[in-house]
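Data block below; observations after.
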Amino acid sequence: MSTLPDQARCHALYRQMLRIRRFEERCGELYKQQKIRGFLHLYIGEEAIATGVIDRLEPRDVISATYREHGHALVRGVSMRAIMAEMYGKVAGCSRGRGGSMHLFDVQRGFLGGHAIVGAGLPIAVGLAMARKRLDQGAISVCFFGEGAAAEGEFHEALNLAALWELPVLFVCENNGYAMGTALARSESQTDIHLKAQAYKIRAEVVDGMDVLAVDEAAQRAISAIRADLKPYFLECRTYRFRPHSMFDPELYREQAEVSEWKKKDPLLTFRAQCETAGLLDEAAVQAMEQEIASEIEDAVQFSEQAEWEAESDLLKDVYTPRGAP
Amino acid sequence: MSRTLSYREALHDAHFQALSEDPRVFLVGEDVNCYGGTYAVSKGLADHFGADRVIDAPLSESGFVGAGIGAAMGGLRPIVEVMTVNFSLLALDQIVNAAATLRHMSGGQISVPLVIRMAMGAGRQLAAQHSHSLEGWYAHVPGLRVVAPATVADARGMLLTALADPDPVIIFEHVGLLALTDELPDDAGAVEIDHAAVRREGSDVSLITWGGNLPKALEAARQLEAAGISAEVLDLRTLRPLDDAAIVASVSKTHRAVVIDEMWKTGSFAAEVCTRIMEQAFFELDAPLRRVCSAEVPIPYARHMELAALPSVEQIVQAATEIARHE
Ligand SMILES: Cc1ncc(C[n+]2csc(CCOP(=O)(O)OP(=O)(O)O)c2C)c(N)n1
Ligand SMILES: [Mg+2]
């Protein structure tokens with residue numbers, strides 16, 4: 001186990017993970033009430049990764065992720081109101097109601113999607129890194145993706161390009177062991193994903209994705225290495241999703257016992273216990289956080305309920321950039 | 001004897017029959033086995049036929065479609081399930097540059113008896129990357145055969161005929177049809193895939209469509225009848241090769257046509273159908289042709305915007321009414 005940082009930092013990390021957890025629990029309920037529609041993929045169980053990595057980034061860095069990206073957007077500072085309104089399909093949403101849960105975007109905060117074609121985010125992140133390198137030396141492009149992407153050609157093409165062209169990309173593989181119902185060992189001959197990155201001569205390490213401090217430390221190592229030489233780095237974070245793949249998944253492919261076993265490693269539980277033992281967190285502090293978060297969520301829901309629907313006459317908007325715009 | 005079953009069950013039963021009858025047949029695709037099939041079409045098949053005939057593939061569309069092509073060339077009869085048409089874009093190279101060309105490039109030495117199935121279509125708020133209708137793109141390509149079952153009977157029967165075809169066949173299954181039910185005879189099986197079918201007779205206007213929009217066209221025809229307009233509904237069934245004779249016959253009877261297509265209007269398959277009418281039945285027409293297609297926008301997430309982007313019964317009724325009144 002890693003050594004604990006100071007109390008303020010412990011609180012910040014715990015609070016961020018709790019915020020994602022409670023937000024997504026509410027999203028699950030809203031889905032059952034049919035307020036949120038389409039596909040909804042929850043990140044519950046994996047919160048330590050977005051929290052540990054994104055917290056170490058600078059505003060000039062850019063992030064791309066998958067359809068399981070609510071947590072990443074929250075940590076990056078996309079407003080909870082804008083995320084929730086997006087899932088409601090309201091025009092006040094961060095993608096103006098056009099994207100939904102899978103396609104969150106907030107350019108102001110360097111949050112560039114929300115990509116729902118598995119593997120497709122990696123080459124895009126490589127291109128973003130080309131742009132960052134030329135336009136703002138030292139800025140980096142961070143790309144989150146599931147281990148399922150490692151089977152796609154685009155994963156391999158992107159890793160090779162990033163290494164070959166020496167680009168400042170931080171690849172963060174969120175290895176939760178399953179791609180929908182396909183267990184890693186049933187889809188990969190080599191299940192150590194980081195070795196694939198090493199084959200492209202990219203610095204790569206395995207990280208305990210259930211331990212926010214381990215992720216935080218690895219992210220610091222990776223980010224400072226990338227800023228120093230502008231070359232890629234790869235983190236394989238081993239984690240687990242506690243919920244079904246999406247809201248349509250009957251979970252025929254895994255045993256409840258396996259889920260329970262992983263729940264013992266719940267990143268919130270373990271980190272909280274660690275902080276409590278060290279006297280850095282107590283029930284009162286957690287209760288205060290719970291209350292703040294509950295009111296932030298309630299506010300986001302109320303905001304989304306009351307927000308306007310986009311006028312149907314705007315249907316053809318935003319297909320092309322208005323002429324004369326930058 | 002007959003029984004009621006859903007489009008989804010019909011697809012399942014067709015796979016069961018195909019796997020039972022021919023040991024060369026196998027099904028491969030993402031999550032067809034352990035997950036139970038993305039749309040539950042293949043649920044339970046692996047229990048019966050084993051994991052080497054109902055094969056879970058990793059996320060590698062180009063890889064497993066290419067492998068399907070090779071297996072077909074090598075003497076097997078693969079059914080490749082590409083989860084949805086949007087993901088087939090990762091396999092476009094294999095389908096267009098290999099499956100469709102090998103017969104020709106080899107001077108007729110090779111056949112690729114491959115069946116590729118894809119779910120498709122909008123209507124479930126899945127936004128811009130999961131709602132495509134691109135069957136017209138595939139219908140563009142010589143060397144492929146493209147079919148779109150719109151009824152439970154066709155869902156039950158087209159797969160079997162496709163498997164008997166010596167060349168690659170792509171089957172488009174619109175997700176909006178999966179829950180559709182119908183009564184089929186117990187011995188329902190293979191259906192021919194060379195001809196369009198008149199799903200409803202009429203005399204004033206032809207509503208021409210296929211796949212997921214057939215229910216909308218039929219509903220429009222019911223509403224038009226109430227307004228005193230007799231609409232004929234033609235289900236194309238096979239987009240390549242297209243049954244020109246059936247289109248010309250219907251238009252020669254009604255002298256008016258609306259083509260309904262969930263693709264975007266520009267370069268839509270409806271454009272091809274309209275052009276064929278112009279080429280072959282221009283002097284039969286009493287009114288301009290009309291198309292009801294998707295609006296020129298990636299499919300939006302918000303429900304009301306998604307609905308506004310897709311062909312609707314009201315649009316079909318309106319287009320048909322306008323040309324029916326045209327003298
Ligand atoms: C190219 C492509 N093929 C298929 C899918 C359907 N699909 C959506 S998510 C998913 C599983 C992805 O698993 P993984 O990359 O491990 O990410 P996780 O969902 O576990 O976070 C699949 C097969 C897709 N979105 N894109
Ligand atoms: Mg995964």
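Tabulated values for the structure
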item: Residue-averaged 222 nm ellipticity for chain B, from DSSP H runs of 4+ at -39500 (n - 2.57), nearest 500; result: -10500 deg cm²/dmol
item: Point-charge dipole on Cβ atoms (K/R +1, D/E -1) for region B:2-185, about Cα centre, debye to 20; result: 160
item: Label point distance in nm, A:Ser313-A:Glu276, each placed 7 Å from Cα along Cα→Cβ; result: 5.8
item: Rounded Å value of the spacing that divides the Cα centres of region B:174-242 and region B:37-89; result: 29
item: Debye intensity ratio I(q)/I(0), log10, region B:82-134, q values 0.30 Å⁻¹ (C-alpha model); result: -1.13
item: Folded to 0 to 90 degrees: helix B:214-226 orientation relative to chain B principal axis, Cα; result: 20
item: Part-to-part distance (alpha-carbon centres) for region A:203-264 and region A:134-179, which is given in Å; result: 14
item: Positive dipole terminus of region B:197-324, leading residue within B:Ser203, B:Ala220, B:Met278 (C-beta point charges); result: B:Ala220
item: Sites A:Glu298 and A:Glu205, calculated FRET efficiency, Cβ-Cβ separation with R0 45 Å, nearest 0.05; result: 0.65
item: Within a Gaussian network of chain A (alpha carbon springs, distance under 10 Å), most fluctuating of A:Leu135, A:Leu112, A:Leu122; result: A:Leu135
item: Radius 12 Å from Cβ of B:Arg276, net charge of other residues (Lys, Arg +1; Asp, Glu -1); result: -4
item: Computed E for A:Gln108/A:Thr191 - FRET, C-beta separation, R0 35 angstrom, nearest 0.05; result: 0.35
item: Cα gyration tensor shape of region B:2-185, rounded if a/c is under 1.5, else prolate or oblate by comparing a/b with b/c; result: rounded
item: Global geometry of region A:199-326, whether rounded, prolate or oblate, following the gyration tensor of its Cα atoms and the 1.5 cut on a/c; result: oblate
item: Kirkwood Rh in Å, taken over region A:7-308 so that all alpha-carbon pairs contribute; result: 19.4
item: Chain B, relative contact order [Cα under 8 Å, separation at least 6], %; result: 16
item: Loop-located chymotrypsin sites (Phe, Trp or Tyr not before Pro) in region A:127-204, at most 16 other Cβ atoms within 10 Å (DSSP); result: A:Trp165
item: Alpha-carbon gyration tensor eigenvalues x 5, square-rooted, for the protein assembly as shown, Å; result: 47, 29, 23
item: 10 Å Cβ neighbours from other chains, averaged over peptide B:124-133; result: 5
item: Cβ-derived FRET efficiency at R0 51 Å, A:Leu252 paired with A:Ala8, nearest 0.05; result: 0.70
item: Proximal charge balance of B:Gly121 [Cβ under 11 Å; K/R count +1, D/E count -1]; result: -2
item: Inter-part distance where region A:90-129 and region B:244-275 are each reduced to a Cα centre, Å; result: 38
item: Anisotropy class of region B:42-119 from Cα gyration tensor, a/c 1.5 cut; result: oblate
item: Nearby lysines by direct alpha-carbon distance to A:Lys231 (threshold 28 angstrom, same-chain neighbours under 8 apart not counted); result: A:Lys133, A:Lys196, A:Lys201
item: Cα-Cα separations in region B:197-324 greater than 19 Å, expressed as whole percent; result: 43
item: Residue of B:Glu21, B:Glu219, B:Glu192 that the Gaussian network model of chain B assigns the largest fluctuation, springs spanning Cα pairs under 10 Å; result: B:Glu21
item: Which of B:Ala18, B:Gly68, B:Leu184, positive extreme of dipole for region B:2-185 (C-beta unit charges); result: B:Gly68
item: Selected from A:Ile36, A:Ile49, A:Ile140 as most flexible by GNM, with chain A as the system and alpha-carbon contacts under 10 Å; result: A:Ile36
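We did not get these values from a lab; they are worked out from the coordinates using the rules stated. No experiment lies behind these values; they were computed from the predicted model shown. FYI the Cβ positions are ideal-geometry reconstructions off the backbone, even for glycines, and counts take in every protein chain you see.
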